[in-house]
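Before any comments, here is the structure.
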Amino acid sequence: MVPEPEVAGRVFGDGLDRAAEFVDMLERSGVERGLIGPREVERLWDRHLLNSAVVGERIDAGVRVIDVGSGAGFPGVPLAIARPDLDVVLVEPMARRADWLNEVVETLELDVTVERGRAEEKVLRKRVGLADVVTSRAVAPLARLAGWCLPLVREGGMMLAVKGASARDEVARDATAVARVGGGVPTVSECGVGVLETPTTVVRVERSVRRPRRAG
């Protein structure tokens, strides 16, 4: 069994047992079901659960969150465990992964909705509606990601994309494309500073508020 880091209790609080059960589920069947690679098993806590949960630092209390491309459940499931005040919707296009997410939600007794579909599809957008925050992790380059995620963000809300070392390069390259699909200026910040050994890098993009045209 993957050992539980000391810091996990600080991040997950009362949800620690659920987080540990999620790790156990992934450890038992994540590789076999093609959800994670064999080398990821030993890094489930640090690289996946804690890395995802600390994104909650950037999210206000009680808001609606849509997680795009949830896959094995990141960052949406750890976020829902650490922040039970959030209304979380997991969006995943692949049937076998959507089935897995439904199993996770049922087993952990999470108040979370799973929607199968692609964020770029109008039928999915109509079904899930808008959210205050749309999250993602390792889904696509920033320009393409903004085109998928921003239409799901209410005006004045934001997109939070968990990224790696290339985050600043992506922002420099894709800022114009992000603006074209209704995004503000992307900013890069870190979550979990002083808590995690390697903080999580997040790109934040606000959904622009459309100004009404003047009559005339």
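The values are calculated or read from the model by the stated rules, or taken from the named source; none is laboratory data. In this text, all values refer to a predicted model and were calculated from it rather than measured experimentally. In case anyone asks, the SASA skips ligands and DNA or RNA and just uses the protein heavy atoms, side chains included. Shrake-Rupley method; radii C 1.70, N 1.55, O 1.52, S 1.80 Å.
Some observations on this one:
- As a length-normalised measure over Cα pairs under 8 Å and 6 or more apart, the relative contact order of the range 1-126 settles at 22 percent.
- Using just its DSSP H runs of length 4 or more, each adding -39500 (n - 2.57), the chain gives a mean residue ellipticity at 222 nm of -9500 deg cm²/dmol after division by all residues.
- Apportionment of accessible area to carbon and sulfur, the range 1-103, percent (1.4 Å): 45
- With contacts taken as Cα pairs under 8 Å and at least 6 residues apart, the chain reaches a relative contact order of 17 percent.
- Helix 16-29 axis, angle to the chain major axis (alpha carbon atoms, nearest 10°): 80
- Rolling a 1.4 Å probe over the protein heavy atoms gives the chain an accessible area of 51 Å² per residue.
- Between the helical axis of 167-180 and the longest alpha-carbon principal axis of the chain there is an angle of about 40 degrees.
- Estimated translational diffusion coefficient (Stokes-Einstein, Kirkwood radius over Cα pairs, 20 °C, 1.002 mPa s) of the range 1-65: 169 µm² per second.
- Distances between placed amide hydrogens fall under 5 Å for E115 paired with L90, V91, E92, all partners being 5 or more residues away or on another chain.
- Look at the alpha carbon pairs under 8 Å that are at least 6 residues apart: their mean separation over the length of the range 94-216 gives a relative contact order of 21 percent.
- Summary of the geometry: the range 180-212 and the range 16-51, compared by the centres of their Cα atoms, lie 26 Å apart.
- Compared with the dominant principal axis of the Cα atoms in the chain, helix 95-108 is inclined by about 60°.
- Comparing G37, G182, G62 in a Gaussian network model of the chain where C-alpha atoms under 10 Å apart are linked, the largest mean-square fluctuation is found at G37.
- The chain: antiparallel DSSP beta bridges as a percent of all, rounded to 5: 40
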